[in-house]
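The values are calculated or read from the model by the stated rules, or taken from the named source; none is laboratory data. No experiment lies behind these values; they were computed from the predicted model shown. For neighbour counting, all protein chains shown are included, and Cβ atoms are generated from backbone atoms with ideal geometry for every residue, glycine included.
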Amino acid sequence: MVKGTDATAAVLVHIDSPFLNFTETGPDFRWIDCRRFTIKSPGSDAEILASLVANDWYDHSFAEPTPSRPSPGARVHGPYRLDAISAATFSPVARVDALCQLEAWARKYDGAPLAFLAKVGAMIEDLLPTDWTVYELPDIRSFAQHDWGNVIGVDGFFEYVGVSPDRSKLTLIVASDD
């Protein structure tokens, strides 16, 4: 776990939200939804993660399409209550482990074309460069699932955060289904 902090010194500026929908392969409710940020005021990793959780772009249910603008207010993040997530909730994870988990999830069902799986792999590789520090939000459903959180992530809710070595960029990757 990342040592907690109340500080949100890092300032995140949203760049874009890459999205990949598995319906490209047929009837499939899975997707990969990402947010890329510039870190304007770098801080410690705990401060950067706290800033992410406090950012309006993080307050999203993932039960509807990616908004073009943040729409905070629901106080949920995927299947979880937002108040149950803090910088300390995240754990460092080896990049290769994150890539393997996402690849296994993408290959869970037979029939995905190899070209599509290559597209998934290329997207993740691009979003989590080799020298970045990677954090994982573990499955916290047992104590943090909100009232209707069971409709998100039937096949899992996988979340990784990558931070560039110079602490100038952050990428949030969420892979799940609805």
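Of all residues in segment 135-178, count the ones that are out of contact with any Asp or Glu (no Cβ under 8 Å at 6 or more places or on another chain), more than 16 Å from residue 62 (Cβ to Cβ) and hydrophobic (A, V, I, L, M, F, W, C).
Here the count works out to 2.
Take the conditions crowded, with 16+ Cβ neighbours inside 10 Å, at pLDDT below 95 and under 21 Å from residue 47 (Cα atoms) and apply them to residue 146. Does it pass?
Spelling it out, it is not the case that residue 146 is crowded, with 16+ Cβ neighbours inside 10 Å, at pLDDT below 95 and under 21 Å from residue 47 (Cα atoms).
Filter segment 70-90 down to residues that are over 18 Å from residue 147 (Cβ atoms) and at pLDDT 95 or above, then give me how many there are.
5
In this structure, is residue 134 at negative phi and buried (at least 17 other Cβ atoms within 10 Å of the Cβ)?
When the stated conditions are applied, residue 134 passes them.
Quick test of your reading of the structure: residue 25 fulfils all but one of (1) within 23 Å of residue 143 (Cα to Cα); (2) over 13 Å from the mean Cα position of the chain (by Cα); (3) among the polar types (S, T, N, Q). Name the failing condition by number.
Status for residue 25: all satisfied but (1).
Contact list please: Cβ distance under 7 Å, first residue in segment 29-54 and over 19 Å from residue 76 (Cα atoms) and modelled with pLDDT of 95 or more, second residue among the β-branched types (Val, Ile, Thr) and in a helix (DSSP H, G or I), pairs at least six apart or on different chains.
39/48
Within the bounds of segment 105-128, is there any residue that is under 16 Å from the mean Cα position of the chain (by Cα), assigned to a loop (DSSP other than H, G, I, E, B) and buried (at least 17 other Cβ atoms within 10 Å of the Cβ)?
Yes, that holds for at least one residue.
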